[in-house]
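Structure, as structure tokens:
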Amino acid sequence: MLDRFEREINYARISITDRCNLRCVYCMPESGVRPLRHADILSYENILRICEVFSALGINKLKITGGEPLVRKGAVDLIACLKQIDGISCVTLTTNGHLLAEHAQKLKEIGLDGVNISLNTLEPSVYSNVTRGGDVNKALAAIDAAIDAGIPSIKLNCVPLGAESRRDVLQVAALARNRVIHVRFIEMMPIGAGFAFTGLSNGMVCEWIEREYGKWTPTEKSYGNGPAKYGALPDFRGKIGFISATSDCFCERCNRVRLTSNGFVRACLNQTDGVSLLPALSEADDDKLFYDIRTAILKKPERHNFSSREESVKDVMSKIGG
Ligand code: SAM
Ligand code: SF4
């Protein structure tokens with residue numbers, strides 16, 4: 001369906017848990033966040049029910065996210081069921097990769113359309129510091145496992161922390177040289193723990209990359225459902241994409257809503273407005289569910305307000321799904 005600004009909303013990010021096995025410095029506080037009680041997390045039955053209504057309203061692409069989605073038991077079976085919903089043409093997953101290797105084959109078998117693996121650096125100590133305890137070899141093994149399993153679309157998400165990240169950026173970009181995996185650089189968003197970082201503009205990241213690997217030439221093709229702008233580098237098999245949330249506002253092309261793990265449809269990443277679906281889920285028929293989801297879509301603002309750090313919502317990215 002169209003929102004108030006005539007944008008077609010056809011994509012939903014579904015956060016299936018607020019829990020995570022890592023604590024990335026720009027996403028979560030060191031102490032973690034108090035997790036929701038299991039009873040307050042949407043059941044898989046309710047997620048499926050909501051996604052059927054999403055589909056009836058014209059949302060045909062779903063991204064499963066978290067927290068870390070693969071820490072929730074049964075996540076792979078949920079994805080298998082989502083793939084069966086009439087009208088859903090694409091189900092993808094965003095993960096830190098730590099649990100992906102053990103599930104990659106099954107995910108391919110049930111028809112997962114793509115996976116995004118977060119990876120900010122190849123340096124084990126930097127990775128461990130940034131994720132507060134993560135193991136870069138697990139993230140790298142996840143990439144290999146996804147390739148070996150034949151998952152159709154594999155992308156890496158890299159969030160450079162600041163001016164000191166040049167080596168990390170170049171190393172991560174180089175992973176697209178010999179393999180058809182696409183590497184995307186995401187500007188740090190001033191949300192939650194991300195407030196503490198100045199981040200880096202993608203203009204600078206592109207400059208570093210071009211100086212090292214040659215001219216970045218934009219491609220027509222979009223390679224996904226989101227706001228990334230992709231381009232090719234000489235002799236690279238994969239593409240390099242930029243998601244420039246702060247330096248190049250893409251709200252005009254926004255196509256999405258977000259479902260939090262406790263059943264709230266959030267209209268915009270950076271604003272708390274939306275609708276809780278819990279009352280509607282307690283009703284036997286779906287009328288209120290349709291009404292409430294439509295209402296949430298119609299609450300979508302024209303644009304986020306990242307440019308005003310004061311206005312930006314002090315939230316926790318892991319609860320919103322990134
Ligand atoms: N745990 C999974 C992961 O790390 O891929 C999925 C959830 S995570 C919240 C989704 C994405 O949001 C990750 O790629 C992460 O790097 C990104 N992210 C988290 N905090 C961010 C911030 N402040 N600015 C930009 N991206 C952020
Ligand atoms: Fe966990 Fe992903 Fe947030 Fe890192 S970015 S703390 S892996 S939810």
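A few points about this structure:
- In the range 82-121, of all residues being within 17 Å of Cys27 (Cα to Cα) and out of contact with any Ser or Thr (no Cβ under 8 Å at 6 or more places or on another chain), the one that is nearest to ligand 2 (Cβ to nearest atom) corresponds to His98.
- Out of Ile14, Ile59, Ile79, sole residue that is within 16 Å of ligand 2 (Cβ to nearest atom) and within 22 Å of Leu281 (Cα to Cα): Ile14
- The range 122-137: number of residues that are away from ligand 2 (no atom under 13 Å from the Cβ) and either assigned to a strand (DSSP E or B) or in contact (Cβ under 8 Å) with a residue 40 or more places away in the chain (or both): 3
- Scanning the range 1-17 for residues that are open to solvent by less than 70 Å² (accessible area, probe 1.4 Å) and at pLDDT 95 or above gives Arg7, Ile9, Asn10, Tyr11, Ala12, Arg13, Ile14, Ser15, Ile16, Thr17.
- The C-beta contact set for the range 83-98 (first residue aromatic (Phe, Trp, Tyr), second residue open to solvent by 20 Å² or more (accessible area, probe 1.4 Å), distance under 9 angstrom, 6+ apart or interchain) is empty.
- Subset of the range 67-111 (residues that are open to solvent by 10 Å² or more (accessible area, probe 1.4 Å) and assigned to a strand (DSSP E or B)): Cys90, Thr92, Thr94
- Residue match in the range 211-218 (condition: in contact (Cβ under 8 Å) with a residue 40 or more places away in the chain and hydroxyl-bearing (Ser, Thr, Tyr)): yes
- When the range 190-232 is limited to residues that are touching a strand residue (DSSP E or B) at 6+ places or on another chain (Cβ under 6 Å) and among the hydrophobic types (A, V, I, L, M, F, W, C), the one that is nearest to Ile64 (Cα to Cα) turns out to be Ala228.
- Asp235 being within 16 Å of ligand 1 (Cβ to nearest atom) and open to solvent by 40 Å² or more (accessible area, probe 1.4 Å): no
- Residue in the range 265-274 that is crowded, with 19+ Cβ neighbours inside 10 Å, assigned to a loop (DSSP other than H, G, I, E, B) and modelled with pLDDT of 90 or more present: no
- Scanning the range 177-191 for residues that are open to solvent by less than 20 Å² (accessible area, probe 1.4 Å), within 13 Å of ligand 1 (Cβ to nearest atom) and in a loop (DSSP other than H, G, I, E, B) yields Glu187, Met188, Pro190, Ile191.
- Qualifying position, being more than 24 Å from Pro124 (Cβ to Cβ) and in contact (Cβ under 8 Å) with a residue 12 or more places away in the chain, among Arg166, Arg253: Arg253
- When the range 162-176 is filtered for residues that are in contact with a Gly (Cβ under 9 Å, 6 or more places away or on another chain) and open to solvent by 10 Å² or more (accessible area, probe 1.4 Å), only Leu175 remains.
- Residues considered: Val115, Val126. Of these, the only one that is open to solvent by less than 50 Å² (accessible area, probe 1.4 Å), within 16 Å of ligand 1 (Cβ to nearest atom), more than 16 Å from Ala146 (Cβ to Cβ) and of a type in the set (A, V, I, L, M) is Val126.
Table: residues versus (1) in a loop (DSSP other than H, G, I, E, B); (2) closer than 21 Å to Phe250 by Cβ; (3) open to solvent by less than 10 Å² (accessible area, probe 1.4 Å).
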{"residue": "Ile143", "(1), (2), (3)": "no, no, yes"}
{"residue": "Ala146", "(1), (2), (3)": "no, no, yes"}
{"residue": "Pro160", "(1), (2), (3)": "yes, yes, yes"}
{"residue": "Ala193", "(1), (2), (3)": "no, no, no"}
{"residue": "Leu200", "(1), (2), (3)": "yes, yes, no"}
{"residue": "Cys206", "(1), (2), (3)": "no, yes, no"}
{"residue": "Glu212", "(1), (2), (3)": "no, no, no"}
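- Breaking point among (1) farther than 22 Å from Thr121 by Cα; (2) at pLDDT below 90; (3) surrounded by 14 or more Cβ atoms within 10 Å (Cβ to Cβ), for Arg258: (2)
- Test: residue in the range 216-225 that is open to solvent by less than 10 Å² (accessible area, probe 1.4 Å) and within 16 Å of ligand 1 (Cβ to nearest atom): no
- Annotation for the range 52-66: at least one member residue is in a strand (DSSP E or B) and either open to solvent by 20 Å² or more (accessible area, probe 1.4 Å) or polar (S, T, N, Q) (or both).
The values are calculated or read from the model by the stated rules, or taken from the named source; none is laboratory data. Note that this is a predicted model, so its numbers are computed, not measured. Neighbour counts are summed over all protein chains in view; Cβ atoms, including those assigned to glycine, are modelled from backbone coordinates with ideal geometry. Quick note on the areas: whole protein, heavy atoms, side chains included, nothing else; ligands and nucleic acids left out. Shrake-Rupley method; radii C 1.70, N 1.55, O 1.52, S 1.80 Å.
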